[in-house]
Amino acid sequence: MATADGVPGPVVVTGAECPGLRAGLVAGLAARGVAVVGMPVADLVDRAAADAAFAAVARAHGPVRGVVHTALEPEVATREPITAVDDAAFDAVWERTLQRALVVLGAGYAAMCPHGGSFVVVGSAVGLAGASGLGPYAAAAEGVRVLARSAARQWGPDGIRVNVVVPAPEHEHTGVTSAE
């Protein structure tokens with residue numbers, strides 16, 4: 001991934017230790033000669049931890065030029081009728097999913113702001129269509145999409161692109177699809 005100035009740099013992939021679509025994204029970027037740095041979910045617990053993790057990437061690999069955000073909470077695939085979702089279950093999916101996206105966007109922006117860069121936020125068809133038993137995740141996925149769109153509108157003038165990609169349901173990276 002390169003910025004508008006054409007300079008390649010490392011791309012951080014959040015949740016890269018997870019299988020499936022994330023692994024394919026990492027392999028695809030690496031095959032194109034992009035330096036890919038996986039950032040485990042444990043590095044994204046809050047903004048201070050994420051800022052430190054992005055700074056460590058920059059020290060080791062040069063200025064961060066891209067972020068692919070794929071990290072998700074393990075609880076997203078827990079199916080439960082909406083009427084049975086309690087506060088703790090809702091927070092585990094909705095709050096942490098949106099908070100993690102906000103942390104990644106903020107720390108990634110700070111790392112890329114001096115020179116520009118690109119975000120790719122991997123969304124979910126579940127957020128677009130809903131799914132039986134996945135109400136909190138569907139809401140969180142749509143919330144992340146809107147958050148990323150808002151960041152795109154705000155950061156475009158700074159040379160930072162923010163895009164959301166939503167894989168086809170058969171490639172859904174959570175293991176659940178809206179068709180279920």
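The values are calculated or read from the model by the stated rules, or taken from the named source; none is laboratory data. Just so it is clear, the model here is predicted, and its values are computed rather than measured. In this analysis, Cβ positions are derived from the backbone assuming ideal geometry, glycine residues included, and neighbour counts consider all displayed protein chains. Quick note on the areas: whole protein, heavy atoms, side chains included, nothing else; ligands and nucleic acids left out. Shrake-Rupley method; radii C 1.70, N 1.55, O 1.52, S 1.80 Å.
If you sort the three axes of the alpha carbon gyration tensor as a ≥ b ≥ c, you get a/c of 1.5 or more for segment 31-81 and a/b no higher than b/c, which makes it oblate. When peptides 90-103, 107-120 are sorted by average Cβ neighbour count within 10 Å, with the highest value leading, the order is 107-120, 90-103.
Find the Rg to Rh ratio for segment 39-147, where Rh is the Kirkwood radius over alpha-carbon pairs and Rg uses the same atoms. Reported Rg/Rh (Cα atoms, Kirkwood Rh): 1.03. Helices in the chain that qualify as membrane-span-like (whole DSSP H runs, Cα extent of at least 18 Å along the helix axis, mean Kyte-Doolittle hydropathy of -1.0 or higher) are 47-61, 96-112, 135-155. Over the chain, dividing the summed -39,500 (n - 2.57) contributions of all DSSP H runs of at least 4 residues by the number of residues returns a 222 nm mean residue ellipticity of -12500 deg cm²/dmol. The simple spin-label model puts a point 7 Å past each Cα toward its Cβ; for residue 158 and residue 87 those points are separated by 3.4 nm.
Just the protein heavy atoms count here, and of the accessible area of the chain at 1.4 Å, carbon and sulfur take up 60 percent. Placing +1 on each Lys and Arg Cβ and -1 on each Asp and Glu Cβ, with no other charges, gives segment 1-153 a dipole about its Cα centre of roughly 660 debye.
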